[in-house]
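Reading through the structure tokens given below for one structure.
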Amino acid sequence: MDTAPVMLTKRTCFSAVSMVMLAVAGLLVAAPGSSAAAPPGWRYTMVAFSNVSDRDMDVYESGDGTEFQPVGLSAYRPPSGLVRDPSIFRNTDGLYYVTYTTGGGANIGFARSSDRINWTPLGNYPVPFCCAFMPGTGDGTGSASPPGFSGSAGFKDGPSLSPFVTKAWAPEWFVDGDRVNVILSLSTGGGFVPYLMTALEPSLRLWSPPVPLAGIGADHIDTTVVKVGSTYHAFTKNETKKVVEHAVSTSVTGPYSFVPPGNWGSLVEGPALVQLPNDAWRIYLDAYTEGKYLYSDSTDGLRTWSPVQELPGLSGTARHFGVMTEPV
């Protein structure tokens with residue numbers, strides 16, 4: 001009997017079995033440390049001023065959006081002015097950028113960092129003094145209104161007659177596709193109105209003229225926008241009622257229509273939103289008169305919201321902050 005075919009078959013079977021066993025062993029060894037098998041982690045970065053100082057910006061981070069730890073207290077102090085209401089995002093150049101209220105009239109501040117800890121000031125950007133008839137700023141209430149009128153220049157529905165923007169406050173980053181925008185609150189002497197400026201070049205030093213977010217109107221401040229699908233959601237503080245409202249639009253500049261907000265209570269401001277890894281959304285709110293920071297979640301596309309909870313650790317310490325998420 002010729003044994004050569006039999007030997008070949010045995011060797012082939014042994015080789016195949018060995019390869020399978022090695023592959024299984026390799027999987028058993030690789031699985032615990034395999035990054036492909038594990039979901040990516042998320043890092044939440046928060047920038048804030050505090051009850052102690054509005055001239056210094058603190059930086060915190062978290063792995064779950066709830067428990068934040070400091071990574072840089074007093075990490076940034078601008079050369080002059082304040083650093084209130086900071087907002088943070090990471091640009092396509094890999095650097096982190098903040099914009100903030102300087103408290104110095106009609107300008108907002110900018111700074112950047114490669115590590116979120118060490119910041120380089122980029123200077124203050126004066127909002128263009130182009131707006132003697134800037135739409136929207138005349139329909140709010142203001143101390144300049146004569147008796148019987150409610151507009152900032154005395155006319156409820158007309159444009160302001162003030163020749164200058166007098167205040168630029170609470171700037172918020174909003175990235176829409178490849179466009180980097182800042183949403184900020186402007187006043188010409190009366191109620192604040194939300195406006196949008198778009199960066200005209202990658203260094204974020206040149207900006208378009210401000211465009212109003214139609215439909216929101218004056219006496220609204222701390223406006224921030226997120227996009228879900230094709231819908232833009234604006235969250236803004238009504239300065240008259242001292243509540244945070246929710247408005248929606250199919251365009252970033254509106255017109256916006258108000259929809260029922262969450263039951264977040266009154267005397268809250270500074271809304272900041274992030275999307276959680278499970279596709280839920282979280283809104284953070286500064287309960288400024290109580291010295292508390294609150295949060296509330298939505299799991300149905302920003303339609304309904306959970307009861308507010310106090311943010312552990314930072315409640316009573318942080319004020320009007322900005323927050324961003326990124327995979328790590």
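Residues in the range 78-107 that are over 16 Å from residue 166 (Cβ atoms) and in a loop (DSSP other than H, G, I, E, B): 78, 79, 80, 82, 83, 91, 92, 93, 94, 95. Here is the figure for the range 40-60: residues that are open to solvent by 10 Å² or more (accessible area, probe 1.4 Å), in contact with a Lys or Arg (Cβ under 9 Å, 6 or more places away or on another chain) and in contact (Cβ under 8 Å) with a residue 24 or more places away in the chain total 5. No other residue among 300, 279 is at pLDDT 95 or above and acidic (Asp, Glu) apart from 300.
The residue that is nearest to the chain's Cα centre (by Cα), among those in the range 108-118 that are closer than 15 Å to residue 78 by Cβ and open to solvent by 30 Å² or more (accessible area, probe 1.4 Å), is 112. Scan the range 62-77 residue by residue and report those that are among the acidic types (Asp, Glu) and touching a residue at least 24 places away in the same chain (Cβ under 8 Å). Matches in the range 62-77: 67 only. Based on what the data block shows, is residue 227 among the charged types (D, E, K, R), open to solvent by 10 Å² or more (accessible area, probe 1.4 Å) and under 20 Å from the mean Cα position of the chain (by Cα)? Judged against the criteria, residue 227 is a match. Filtering the range 164-186 for residues that are open to solvent by 60 Å² or more (accessible area, probe 1.4 Å), at pLDDT below 90 and farther than 27 Å from residue 58 by Cα leaves a non-empty set. What are the residues in the range 185-240 that are β-branched (Val, Ile, Thr), touching a Lys or Arg at 6+ places or on another chain (Cβ under 9 Å) and assigned to a strand (DSSP E or B), if any? 198, 221, 223 - these are the residues of the range 185-240 that are β-branched (Val, Ile, Thr), touching a Lys or Arg at 6+ places or on another chain (Cβ under 9 Å) and assigned to a strand (DSSP E or B).
Which one is most open to solvent (accessible area, probe 1.4 Å) among residues in the range 259-290 that are on the phi > 0 side of the Ramachandran plot and touching a strand residue (DSSP E or B) at 6+ places or on another chain (Cβ under 8 Å)? That would be 267.
Within the range 78-106, residues that are free of Cβ contacts under 8 Å to residues at least 40 places away in the same chain and surrounded by fewer than 22 Cβ atoms within 10 Å (Cβ to Cβ) sit with their Cβ atoms under 7 Å from residues that are outside any strand (DSSP E or B) and of a type in the set (Asp, Glu), at 6+ positions apart or across chains, in these pairs: 82/54.
In the range 30-86, what residues are in contact with a Gly (Cβ under 8 Å, 6 or more places away or on another chain), at pLDDT below 95 and of a type in the set (A, V, I, L, M, F, W, C)? Result: 42, single match.
The values are calculated or read from the model by the stated rules, or taken from the named source; none is laboratory data. Quick caveat, the model's predicted, so the values are computed rather than measured. For neighbour counting, all protein chains shown are included, and Cβ atoms are generated from backbone atoms with ideal geometry for every residue, glycine included. Accessible surface areas use protein heavy atoms only, side chains included; no ligands, DNA or RNA. Shrake-Rupley method; radii C 1.70, N 1.55, O 1.52, S 1.80 Å.
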